[in-house]
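Visitor: Dropping a structure here in structure tokens format, bear with me for questions.
The values are calculated or read from the model by the stated rules, or taken from the named source; none is laboratory data. Nothing here was measured: the structure is a model prediction, and the numbers come from that model. Note that we place each Cβ from the backbone using ideal geometry, even for glycine, and neighbour counts take in every protein chain shown. The area values use the complete protein model at the heavy-atom level, side chains included, leaving out ligands, DNA and RNA. Shrake-Rupley method; radii C 1.70, N 1.55, O 1.52, S 1.80 Å.
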Amino acid sequence: MSDETITGIIAPIRMDYRYTPGTATSLFLRAMKEGRFEGRRCPSCSKVYFPPRGGCSMCGVEFAETVPLANTGTVATYTIVNVNFANRAVELPYVVAEVKFDGADITTSLLLKGVPLEEVRQGLRVEAKWIPEEEWDYSLANISHVEPLDEPDAPFESYKDAI
Ligand SMILES: [Zn+2]
């Protein structure tokens, strides 16, 4: 018997489950299936949430209005990932960007491609790249990643409240 200390084990697990989305998430997932970005606007503070939720976390009121959003946005902040996690099929290093889509007030985490790591920055203007239409499902995974646009960087004032 060895005196080696065991500090961890790898134990693959599988869990089957059924997810039942609420009204807001159902509207969002249907829009994604049809290739549309849709946010929801708070009737009190007018902030637009994307992905939408049932109500505003700041005001505590239910959303009522659906707002179409652009396929373009701004990198509000980002992380360069150098340590992968299990089952992640992305080559290291990669960038996860918090993207504030045009017309939204909060950010969405997406993979950023098409820009050297040393050029990744806040304010970078990006466009969502969708997977092939025949593969669209009820999922944010319809967006493969975002890529830079050939536009000047957005001013800090335009995304500072989303950070
Ligand atoms: Zn609000």
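Visitor: Mind listing just one residue for me: the one in segment 1-40 that is part of a loop (DSSP other than H, G, I, E, B) and touching a helix residue (DSSP H, G or I) at 6+ places or on another chain (Cβ under 8 Å) and, of those, modelled with the lowest pLDDT?
Guide: Pro21
Visitor: Specify the residue that is nearest to the ligand (Cβ to nearest atom); the eligible residues are those in segment 54-81 that are within 17 Å of the chain's Cα centre (by Cα) and not in a strand (DSSP E or B).
Guide: It comes out as Leu69.
Visitor: Taking segment 7-40 only, how many residues are of a type in the set (Lys, Arg) and within 18 Å of the chain's Cα centre (by Cα)?
Guide: Pass one, segment 7-40, residues of a type in the set (Lys, Arg): 14, 18, 30, 33, 36, 40.
Those still in the list that are within 18 Å of the chain's Cα centre (by Cα) too: 30, 33, 36, 40.
Final tally of qualifying residues: 4.
Residue-wise test of (1) among the polar types (S, T, N, Q); (2) assigned by TED's automatic domain parsing to the domain that holds Glu135.
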residue: Cys42; (1), (2): no, no
residue: Ser46; (1), (2): yes, no
residue: Arg53; (1), (2): no, no
residue: Val90; (1), (2): no, yes
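Visitor: Quick check on my filter: what residues within segment 26-77 are surrounded by fewer than 16 Cβ atoms within 10 Å (Cβ to Cβ), in contact (Cβ under 8 Å) with a residue 60 or more places away in the chain and among the small types (Gly, Ala, Ser)?
Guide: Gly35
Visitor: Looking at Thr25, Thr7, which is the one that is touching a Gly at 6+ places or on another chain (Cβ under 9 Å), β-branched (Val, Ile, Thr) and either outside the structural domain of Phe101 (by TED's automatic domain parsing) or within 16 Å of the ligand (Cβ to nearest atom) (or both)?
Guide: Numbers: Thr7 fails: touching a Gly at 6+ places or on another chain (Cβ under 9 Å).
After applying the criteria, what remains is Thr25.
Visitor: Name the residue that is modelled with the lowest pLDDT, counting only residues in segment 141-153 that are of a type in the set (A, V, I, L, M, F, W, C) and open to solvent by 20 Å² or more (accessible area, probe 1.4 Å). Before you say what the answer is, go through the steps one by one.
Guide: If we filter segment 141-153 for residues that are of a type in the set (A, V, I, L, M, F, W, C), which is where we start, we get 141, 143, 146, 149.
Filter once more, keeping what is open to solvent by 20 Å² or more (accessible area, probe 1.4 Å): 141, 149.
Values: Ala141: 92, Leu149: 98.
Of everything passing the filter in segment 141-153, Ala141 is modelled with the lowest pLDDT.
Visitor: Mind telling me which of the residues Val95, Val126, Val120, Val83 ends up being among the β-branched types (Val, Ile, Thr) and modelled with pLDDT under 95? Write out each step before concluding.
Guide: On the way: Val95 fails: modelled with pLDDT under 95; Val126 fails: modelled with pLDDT under 95; Val120 fails: modelled with pLDDT under 95.
Testing whether each residue is among the β-branched types (Val, Ile, Thr) and modelled with pLDDT under 95 leaves just Val83.
Visitor: Still on this structure, please answer the following. So how many residues does segment 106-122 have that are within 13 Å of the chain's Cα centre (by Cα) and open to solvent by 50 Å² or more (accessible area, probe 1.4 Å)? Walk me through it before giving the result.
Guide: Going through segment 106-122, the residues within 13 Å of the chain's Cα centre (by Cα) turn out to be 106-112.
Keeping just the survivors that are open to solvent by 50 Å² or more (accessible area, probe 1.4 Å) gives 109.
Number satisfying all stated conditions: 1.
Visitor: With respect to Gly103, is the statement that it is open to solvent by 10 Å² or more (accessible area, probe 1.4 Å) and either in contact (Cβ under 8 Å) with a residue 40 or more places away in the chain or not assigned by TED's automatic domain parsing to the domain that holds Phe37 (or both) true?
Guide: Details: open to solvent by 10 Å² or more (accessible area, probe 1.4 Å): yes; either in contact (Cβ under 8 Å) with a residue 40 or more places away in the chain or not assigned by TED's automatic domain parsing to the domain that holds Phe37 (or both): yes.
So Gly103 fits the description; yes.
Visitor: For segment 6-25, give me the residue count where each residue is without any contact (Cβ under 8 Å) to a residue 24 or more places away in the chain and either in contact with a Leu (Cβ under 9 Å, 6 or more places away or on another chain) or within 30 Å of Leu69 (Cα to Cα) (or both). Don't jump to the end; show me each part of the working.
Guide: Step one: filter segment 6-25 for residues without any contact (Cβ under 8 Å) to a residue 24 or more places away in the chain, giving 6-21.
Narrowing further to those that are either in contact with a Leu (Cβ under 9 Å, 6 or more places away or on another chain) or within 30 Å of Leu69 (Cα to Cα) (or both): 18-21.
Result for segment 6-25: 4.
Visitor: Please find, within segment 41-53, the residue that is nearest to Leu27 (Cα to Cα) out of those that are assigned to a loop (DSSP other than H, G, I, E, B) and within 12 Å of the ligand (Cβ to nearest atom).
Guide: The first filter runs over segment 41-53 and keeps only residues assigned to a loop (DSSP other than H, G, I, E, B), leaving 42-47, 50-53.
Now restrict to residues that are within 12 Å of the ligand (Cβ to nearest atom): 42-47, 53.
Values: Cys42: 15, Pro43: 18, Ser44: 21, Cys45: 21, Ser46: 19, Lys47: 18, Arg53: 10 Å.
Step by step, filter segment 41-53, then rank; the result is Arg53.
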